[in-house]
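A.B. asks: This structure is in structure tokens; I'll ask about it shortly.
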Amino acid sequence: MKSIRTAVLVVGGGPAGSIAARALAREGIDTVLIEKNLSFIKPCGGGIPSTAFTELQLTESAVTKHVDTIKIISPGGEPVPIRLKDATIAIVNRGDFDSALREETRKSGAWLMEGEFRRFVKVGKTAVSEVSVHGGTVLIEADHVIAADGVNSRVRAALNIQPVTSLLAVSAKIQGPQTDCCEFWFGSSHAPRCYSWVFPQNGGISVGTGSVNNSEIRMLWRRFAERRALKAGTPMTGNGASLRGHRIPLWQGDIFVKDGVFFTGDAAGQVLPLTYEGIYYAMKSAEFAAAAIIEGRRGEYKRLWEKAFGKRFSLMKRLSEFFLRDDNQTERLVQFHKRPEVQDASMRLWLKKDPGRGSILSYMNLFRRLLAWKR
């Protein structure tokens, strides 16, 4: 049985794992990045704030379109277009984006390996992981392990940690129909306590919806497809659309480091409530975990994350619980976004990623005033 010794083992080759491994390798830290399927393409709308590309030094080779308008549609059917200022939403092809990040990681000096984490043989001062590689078994001993293996994290299971709380989403890429914006459709008939979406894709659109009830998700997608088709006058089914499902974490804020293992991105449930944005926060969490390892202080990871996003995630969770509880409240949320001050505050937090404490407080106070005024 082959054995490998490294300073850091990163499990999962998506955006979080690649960013972590790249940061570590650039500091000259011996790093192994394993991904169980290098050809896997995650079903995803692929929207990333354009500001993230400069902030995180990301390649733009996989960007297929820049979107400068979003449209939110209320349960009652009223559309509210919001023109984005000073930034856009970059739509990426997830397969190309993930592959490009892994290639950057490899060029930075990390060892990229197609292999599947199986279990921990030992955890403690160092961790020994059993990894399946091309039908054989490799033992990897590492001083640190970063779990970036998604919502169905096998690393979590290996440490007897409960699975990430999540909802189920299904989506399909449909060739033909077009949209020039990112559409977010609300309504309990097709997206209870969530939303449905339409994003532009090469040659067509990505259409999806989410629900905490797994048994009804395909029916909900069909309902949404019918609703969107009636509005757009374009059939949404019958074009060979193949539904693909994936789980979206529901943030709990309950795990950062466990038994010396750093949990990042979807493996830690780090998806922003209400908007369900995950790619950016996965990459930032990986950056923070890598910084903690570089500095030799495990507790630095949680401190950095809480400082940057703690208040934001807590606020968005409260807003989600309040506004998505029924269609009447969701209608209010959409109506609020007709107001320029709400649009500006939302874009500072959601799109420009303004980390300032003042921005969070002003956003909270704005919603307090609006809610009080509407009562």
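The values are calculated or read from the model by the stated rules, or taken from the named source; none is laboratory data. Quick caveat: nothing in here was measured; it's all calculated off a predicted structure. Note that each Cβ is placed from the backbone with ideal geometry, even for glycine, and that neighbours are counted across all protein chains shown.
A.B. asks: Looking at Ala286, Ala268, Ala292, Ala282 in this structure, which one is surrounded by 18 or more Cβ atoms within 10 Å (Cβ to Cβ), modelled with pLDDT of 95 or more, closer than 23 Å to Val8 by Cβ and touching a Ser or Thr at 6+ places or on another chain (Cβ under 6 Å)?
C.D. replies: So the residue among Ala286, Ala268, Ala292, Ala282 that is surrounded by 18 or more Cβ atoms within 10 Å (Cβ to Cβ), modelled with pLDDT of 95 or more, closer than 23 Å to Val8 by Cβ and touching a Ser or Thr at 6+ places or on another chain (Cβ under 6 Å) is Ala286.
A.B. asks: Checking Thr105 against (1) at pLDDT 95 or above; (2) out of contact with any helix residue (DSSP H, G or I) (no Cβ under 8 Å at 6 or more places or on another chain), which test does it fail?
C.D. replies: (2)
A.B. asks: Quick one: would you say Lys125 is not aliphatic (A, V, I, L, M) and not in a loop (DSSP other than H, G, I, E, B)?
C.D. replies: Taking the combined requirement at face value, the residue does not satisfy it.
A.B. asks: Something else now. Based on this model, can you work out whether Arg325 counts as assigned to a loop (DSSP other than H, G, I, E, B) and modelled with pLDDT of 90 or more?
C.D. replies: Taking the combined requirement at face value, the residue satisfies it.
A.B. asks: Next up: From the list Val164, Val128, pick out the single residue that is more than 30 Å from Leu250 (Cβ to Cβ) and either buried (at least 16 other Cβ atoms within 10 Å of the Cβ) or within 26 Å of the chain's Cα centre (by Cα) (or both).
C.D. replies: Exactly one residue qualifies, and that residue is Val128.
A.B. asks: I've got another one for you. Pull up the stretch 93-107, narrow it to residues that are basic (Lys, Arg) and buried (at least 18 other Cβ atoms within 10 Å of the Cβ), then point me to the one that is nearest to the chain's Cα centre (by Cα).
C.D. replies: Arg94
A.B. asks: So Lys65 fits all but one of (1) over 30 Å from Gly135 (Cα atoms); (2) of a type outside the set (Phe, Trp, Tyr); (3) modelled with pLDDT under 90; what number is the exception?
C.D. replies: Checking Lys65 against (1) over 30 Å from Gly135 (Cα atoms); (2) of a type outside the set (Phe, Trp, Tyr); (3) modelled with pLDDT under 90, the one that fails is (3).
A.B. asks: Further, regarding this structure: Does the stretch 66-92 hold any residues that are hydroxyl-bearing (Ser, Thr, Tyr) and within 19 Å of the chain's Cα centre (by Cα), and which are they?
C.D. replies: Within the stretch 66-92, Thr88 is the sole residue that qualifies.
A.B. asks: Just give me the residues in the stretch 322-345 being within 17 Å of Tyr276 (Cβ to Cβ) and without any contact (Cβ under 8 Å) to a residue 24 or more places away in the chain, in sequence order.
C.D. replies: Of everything in the stretch 322-345, just one residue is within 17 Å of Tyr276 (Cβ to Cβ) and without any contact (Cβ under 8 Å) to a residue 24 or more places away in the chain, namely Phe322.
A.B. asks: Only one residue in Ser171, Ser153, Ser211, Ser196 is surrounded by 19 or more Cβ atoms within 10 Å (Cβ to Cβ) and in contact with a His (Cβ under 6 Å, 6 or more places away or on another chain), so which one is that?
C.D. replies: Ser196
A.B. asks: With the condition kept exactly as written, say whether any residue in the stretch 195-205 is modelled with pLDDT of 95 or more and not in a strand (DSSP E or B).
C.D. replies: Yes, some residue in the stretch 195-205 is modelled with pLDDT of 95 or more and not in a strand (DSSP E or B).
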